[in-house]
1. Being aliphatic (A, V, I, L, M) and either in a loop (DSSP other than H, G, I, E, B) or surrounded by 15 or more Cβ atoms within 10 Å (Cβ to Cβ) (or both) is the filter here; which residues of segment 142-169 pass it?
2. I need a count of the residues in segment 327-382 that are part of a loop (DSSP other than H, G, I, E, B), of a type in the set (Gly, Ala, Ser) and open to solvent by 10 Å² or more (accessible area, probe 1.4 Å).
3. Going residue by residue through segment 351-358, is there one that turns out to be more than 26 Å from Asn276 (Cα to Cα) and modelled with pLDDT under 90?
4. Give just the number: which of (1) part of a helix (DSSP H, G or I); (2) at pLDDT 90 or above; (3) surrounded by fewer than 15 Cβ atoms within 10 Å (Cβ to Cβ) does Asn251 not satisfy?
5. Condition test on Glu321, is it closer than 30 Å to Ala346 by Cα and free of Cβ contacts under 8 Å to residues at least 24 places away in the same chain?
6. Looking at segment 90-149, which of its residues are free of Cβ contacts under 8 Å to residues at least 40 places away in the same chain, of a type in the set (A, V, I, L, M) and within 23 Å of Val199 (Cβ to Cβ)?
Amino acid sequence: QFATRVVSCQAAELRPEGGGAPVRGFQVVLEDTILFPEGGGQPDDRGLIGEVPVLRVTRRGPEALHFVPAPLEPGAAVVLSLDWDRRFDHMQQHSGQHLITAIAEQMFGFKTTSWELGRQRSVIELDTPSMTAEQVEALERSVNEKIRERVPVTVRELAADDPEIETVRSRGLPDDHAGPVRVVDIEGVDSNMCCGTHVSNLSDLQVIKLLGTEKGKKNKTNLVFLAGNRVLKSIEQSHSTEKALTSLLKNGPGEHVEAVKRLQGSVKLLQKNNLNLLRDIAVLIARDFKSKAVRSQLFVLHRKEGDSEFMNIIANEIGTEDTLLFLTVGDEKEAGLFLLAGPVEAVENLGPRVAELLGGKGAGKRGRFQGKATKMSRRGEVQALLQEFISHRSPEA
């Protein structure tokens, strides 16, 4: 916690991180703050000003802007409370990034060009087109050795014109920087210009796990990592998944992969057999219709199990020169597929109206109009429409 005063409070809007409509609120400037504004690859802190939650903290020159949902009186004395769990997580990830970056450059000459502290995992962009599994393993081993050595992490401030700044690793100062330059030192390992929050000793990182690499931008490699409590959470999630799989597959963790492979093979075989059966059923349905002495001009069929191929086989077998076919597959209370087939002119006329009635979209050509439907329960209305069309076209009418 930290006691301070409100300097100013102005109406403002906040755009949510996940998108959506802007949130109305207020931007508050305090005499000083313990809440970190987003920057340098690190997300912002969260907390309270009195009882009012801080939803975002950004930087404007030397000022931190606190976005809050309720106004605060300028001049009022307030107490800031910090969300420590979020802050400590960010400290672990950011100090972990500094350590990985420094050791990767020392061991392999890979320079860091950018990084991102994500919600679940963090990513360091390395200036190399590739990184071998052996290099990742060696790097992980080396950074964890430094953690076990309990190396101190210190912060110092230098004047902007101090010549020592030239010896410090940096990607440059922001254009609106004001005041002294902040340098974070990992004793004997790294000296880096940085505005972020850090642990005071590498032992606070507990452990670092490198999850592997991903292809980055042109000639770059993204190195994915977890640090500290995130490693413990990841292990807990993996252990819970492992226990659930052990219960479902009825075997030990070491046999899970082979068991899943066997299941995948069985599923593929069942799917193949199911498709063959559906094709056979489609042919039998069509032949049964064609065997009738007196054939209706309208053929309607709904089946819960099926696909577009199933419907098209029926249409091909029956023929659509003289018969109008309306076929649907899917759950009656949910979405599904439909096919309208028949004389070209009739289908062109009726297809869009059928799609509209079924709350779906479709397209057609050469006497076939098919698509997806969201209101399968309205099939009766479509059938009535088609029956009316048939009766008006029929010579007997």
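The values are calculated or read from the model by the stated rules, or taken from the named source; none is laboratory data. Everything numeric in this text was worked out from a predicted model, so none of it was measured. When we count neighbours, we look across all protein chains shown, and the Cβ atoms used for this are built from the backbone with ideal geometry, even at glycine. Only protein heavy atoms, including side chains, enter the accessible area calculation; ligands, DNA and RNA are left aside. Shrake-Rupley method; radii C 1.70, N 1.55, O 1.52, S 1.80 Å.
1. Just the residues of segment 142-169 that are aliphatic (A, V, I, L, M), to begin with: 143, 147, 151, 153, 155, 158-160, 165, 168.
Answer for segment 142-169, where residues must be aliphatic (A, V, I, L, M) and either in a loop (DSSP other than H, G, I, E, B) or surrounded by 15 or more Cβ atoms within 10 Å (Cβ to Cβ) (or both): Val143, Ile147, Val151, Val153, Leu158, Ala159, Ala160, Ile165, Val168.
2. In the first step, residues of segment 327-382 are kept if they are part of a loop (DSSP other than H, G, I, E, B); the result is 331-335, 342-343, 358-360, 366-367, 374-375.
Right, trim to of a type in the set (Gly, Ala, Ser) and you get 335, 342, 359-360, 367.
Right, trim to open to solvent by 10 Å² or more (accessible area, probe 1.4 Å) and you get 335, 359-360.
Total meeting the criteria: 3.
3. Initial filter on segment 351-358 (more than 26 Å from Asn276 (Cα to Cα)): 351-358.
Next cut, modelled with pLDDT under 90 only: none.
Scanning segment 351-358, I find no residue that is more than 26 Å from Asn276 (Cα to Cα) and modelled with pLDDT under 90, so the answer is no.
4. Among (1) part of a helix (DSSP H, G or I); (2) at pLDDT 90 or above; (3) surrounded by fewer than 15 Cβ atoms within 10 Å (Cβ to Cβ), Asn251 violates only (1).
5. Working: closer than 30 Å to Ala346 by Cα: yes; free of Cβ contacts under 8 Å to residues at least 24 places away in the same chain: yes.
Spelling it out, Glu321 is indeed closer than 30 Å to Ala346 by Cα and free of Cβ contacts under 8 Å to residues at least 24 places away in the same chain.
6. Met107
Table: residues versus (1) more than 26 Å from Glu145 (Cα to Cα); (2) open to solvent by less than 50 Å² (accessible area, probe 1.4 Å); (3) in a strand (DSSP E or B).
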site	(1), (2), (3)
Gly25	yes, yes, yes
Val79	yes, no, yes
Gly96	no, yes, no
Met107	no, no, no
Glu116	no, no, yes
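Quick grid of which residues meet (1) part of a strand (DSSP E or B); (2) closer than 28 Å to Pro174 by Cα; (3) in contact with a Leu (Cβ under 8 Å, 6 or more places away or on another chain):
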| residue | (1), (2), (3) |
| --- | --- |
| Val7 | yes, yes, yes |
| Ala11 | yes, yes, no |
| Leu35 | no, yes, yes |
| Asp45 | no, yes, yes |
| Thr58 | yes, yes, yes |
| Leu65 | yes, yes, no |
| Glu73 | no, no, no |
